[in-house]
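Undergrad: Have a look at this one.
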């Protein structure tokens with residue numbers, strides 16, 4: 001009797017695994033950004049990220065949240081982050097609206113001001129799989145990553161000298177973070 005039960009458990013597990021595999025390889029799973037999410041998709045992704053963060057020893061900031069670093073962080077943010085995460089008091093960028101999940105607007109609501117700076121730095125440095133959030137560890141210096149981290153951690157108490165940097169460019173129609181140059185493909 002126990003042997004039959006064990007065989008049933010194994011067959012049941014194989015059916016679940018096989019059915020899940022078939023669901024994905026047959027094209028039935030949602031893959032377009034406009035598709036409805038899978039059941040519990042956001043919850044599972046969030047729990048996985050949070051569990052990973054709990055296992056990490058998150059570093060303490062290596063730069064102070066002073067005006068010099070916040071200004072530098074604002075420049076880094078505007079060049080590298082604003083295209084997806086937006087600027088204060090501006091509508092969400094089209095790129096964010098076209099992503100799934102949408103990029104969080106880091107200057108709307110509390111943003112990440114309630115997250116430990118080490119967590120925000122980890123996200124900037126490592127990115128988050130399957131979200132569109134890239135890793136900046138090979139694009140920015142550690143100081144630049146900490147400067148933008150300090151900016152975001154203190155977004156609710158930025159001095160005016162920083163706020164004036166985080167406005168859309170009035171001299172360009174190119175969104176923040178985008179390069180104005182266009183490449184021409186040759187056949």
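Nothing in this text is a laboratory measurement; each read-out follows from the coordinates by a stated rule. These numbers come from a predicted model, not from an experiment. With ideal geometry, Cβ positions are generated from the backbone for all residues, glycine too; neighbour counts draw on all protein chains shown.
Undergrad: Given the DSSP H assignment, sum -39500 (n - 2.57) over each helix run of at least 4 residues in the chain and divide by its residue total; what's the result at 222 nm in deg cm²/dmol, nearest 500?
TA: -14000 deg cm²/dmol
Undergrad: Take the Cβ-Cβ distance between residue 48 and residue 126 as r, set R0 to 22 Å, and report the resulting FRET efficiency rounded to the nearest 0.05.
TA: Efficiency for this residue pair is about 0.95.
Undergrad: Please build a GNM for the chain, connecting alpha carbons under 10 Å apart, and tell me which residue among 30, 88, 101 fluctuates the most.
TA: 30
Undergrad: In addition: Compute the angle between helix 142-153 and the longest alpha-carbon principal axis of the chain, please, reported from 0 to 90 degrees and rounded to the nearest 10.
TA: Helix 142-153 and the main axis of the chain meet at about 90 degrees.
Undergrad: Convex hull volume of the Cα atoms in the stretch 1-159, per residue, in Å³?
TA: Output value, Cα hull per residue: 157 Å³.
Undergrad: Same structure, new question: Quickly rank 58-71, 157-170, 116-129, 8-21 as a protection proxy: mean count of other C-beta atoms within 10 Å, highest first.
TA: Those peptides, ordered most packed to least, come out 116-129, 58-71, 157-170, 8-21.
Undergrad: Let me ask you something else. Let me test this: with uniform point scatterers at the alpha carbons of the stretch 67-163, what is the Debye-based log₁₀ I(q)/I(0) at q = 0.15, 0.25 1/Å?
TA: Listed by q, the Debye log ratios stand at -0.53, -1.56.
Undergrad: With springs only between Cα atoms under 10 Å, which of 22, 107, 136 fluctuates most in a Gaussian network model of the chain?
TA: Comparing 22, 107, 136 in a Gaussian network model of the chain, the most mobile one is 22.
Undergrad: Further question on the same structure: Which one of 23, 100, 77 has the biggest mean-square fluctuation once the chain is modelled by GNM with Cα springs under 10 Å?
TA: 23
Undergrad: Rounded to the nearest 0.05, what FRET efficiency do residue 2 and residue 25 have when you use their Cβ-Cβ distance and R0 = 30 Å? Walk me through the numbers on the way to the answer.
TA: Numbers: r = 35 Å, r/R0 = 1.15.
It comes out at approximately 0.30.
Undergrad: Measuring from label point to label point, each 7 Å out along Cα→Cβ, what is the residue 138 to residue 58 span in nm?
TA: Label at residue 138, label at residue 58, 2.6 nm between them.
Undergrad: If each residue of separation counts as 0.36 nm, what is the full-extension length gain between residue 110 and residue 15 once their alpha-carbon separation is subtracted?
TA: So the chain would gain 29.7 nm between residue 110 and residue 15.
Undergrad: If I fit a long axis through the Cα atoms of helix 41-55 and take the longest principal axis of the Cα atoms of the chain, what angle between them do I get, 0 to 90°, rounded to 10?
TA: On a 0 to 90 degree scale, this one is about 70.
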